[in-house]
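Remarks on the structure that follows.
The values are calculated or read from the model by the stated rules, or taken from the named source; none is laboratory data. For clarity, every value in this text was computed on a predicted model and none was experimentally measured. Here the Cβ positions follow ideal geometry from the backbone for every residue, glycine too, while neighbour counts run over all protein chains shown. Ligands, DNA and RNA are excluded from the accessible area calculation, which covers all protein heavy atoms including side chains. Shrake-Rupley method; radii C 1.70, N 1.55, O 1.52, S 1.80 Å.
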Amino acid sequence: MMVSIGEVLIDFIALQEGKLKDVKSFEKHPGGAPANVAVGLSRLGVESALVSKVGDDPFGDFLIERLTDEGVKTFIPRDPERHTGVVFVQLIGARPEFILYDGVAYFNLKPEDVETALLERAEVVHFGSVLFAREPSRSTLFGILEGLKGKVPLSYDVNIRLDLWRGREDEMLQDIERALKLADIVKLGDGELAYLRDNGISPEDFDLKLFAVTLGAEGSELRIGGAEVHIPAYSVEPVDTTGAGDAFMAALLAGLHYSNLLGENSIDEEHLRKIGRFANLVAALSTTLRGAWSVPKMEEIVLMKEVRELYHRSSR
């Protein structure tokens, strides 16, 4: 089982394009980057679970029901003190911009909320940076990761949300460096990579087993050991790119799973390209639907070449 740990929330996505102040109506969708990855994995045929926290409220009910419907195992206690997280999303040219609300249940994740034995048995544990922005979730997550280092492969989507770190950017960068020292697999967007480098942080300086950079319309780059490949993007007409990076992340992990290459220190360029093509394909297809839970199901894509060369290999 692959386990994600982090935020699950409600995405209120604007139904009109343009600035948030001008939007009149919104559509409710489930979201949260680690939750998106867990759902993407499940849709791609990989057993997955989510560790998070929601409020004791109707939005919490909705999220747990939807995760269960998606086949994701949930380890998500209810918080009687804080509400379920919400985000308002504005779409401009199908590209999302976020207003992420504070003081919500997932920021109140405590060590006693987490079943450590579940994580120790995981095929991989995936996490992001959002929980680092507040206590007690920050200390809880770092404590878990430090306990798992060297026992379970750790996957990290840096997923920078500057809005949560106003006036604390130096602290954010310190936490990202700390997380990069713990991670085995790391994914960054090209804008995030540029931001880190501008601030003196280069992921190449860390002992990473696999490093992936998403480049939008330019595709992606995957690096492991001495191998580095560039994978061109697939051409689609995007409707909503919310969660496209999470779709890529889910497919990257699923590709490693189906290739039996999780935890390996080296992968030849041929297999690295196959995994990259699969991840790019899934990410591209996810942008043709609204909402962050838009990864296609394995049975819908299993006959495509990029899927066959991984999925059927694992089935033999």
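Quick one: which residues, 5+ away or cross-chain, put their amide H under 5 Å from the amide H of G55? H built at 1.01 Å from N. Close amide H contacts, sequence-distant or interchain: G60, D79, T84, G85, A105. For the pair A233 and N260, the difference between a 0.36 nm per residue extended length and the Cα-Cα distance amounts to 7.3 nm.
Restricting to DSSP H runs of at least four residues, report the calculated mean residue ellipticity at 222 nm for the chain, -39500 (n - 2.57) per run over all residues, nearest 500 deg cm²/dmol. Could the numbers behind the result be given before it?
Numbers: 10 runs with 111 residues, N = 316.
Computed mean residue ellipticity for the chain: -10500 deg cm²/dmol.
Of the residues K181, K73, the one with the largest accessible area comes first in the ranking K181, K73, computed with a 1.4 Å probe on protein heavy atoms. When each of the peptides 80-89, 298-307 is scored by the mean number of other C-beta atoms lying within 10 Å of its residues, the order from highest to lowest reads 80-89, 298-307. Residue pairs exceeding 21 angstrom between C-alpha atoms, taken from K209/K274; K53/K181; K151/K181: K53/K181. Taking every alpha-carbon pair within the chain, the share separated by more than 25 Å comes to 46 percent. A simple rule links phi to the HN-Hα coupling: the Karplus curve 6.51 cos²θ - 1.76 cosθ + 1.60 with θ = phi - 60°, which for the range 120-125 gives 5, 8, 5, 6, 7, 10 Hz, with x for Gly and Pro.
Applied to the range 191-204, the Karplus parametrisation 6.51 cos²θ - 1.76 cosθ + 1.60 on θ = phi - 60° returns per-residue 3J(HN,Hα) values of x, 5, 4, 4, 4, 5, 5, 4, 9, x, 10, 10, x, 5 Hz, with x for Gly and Pro. Cα centroid separation, the range 100-163 to the range 202-230: 23 Å.
Label-to-label distance, I99 versus K28, with points set 7 angstrom from Cα along the beta-carbon direction: 1.9 nm.
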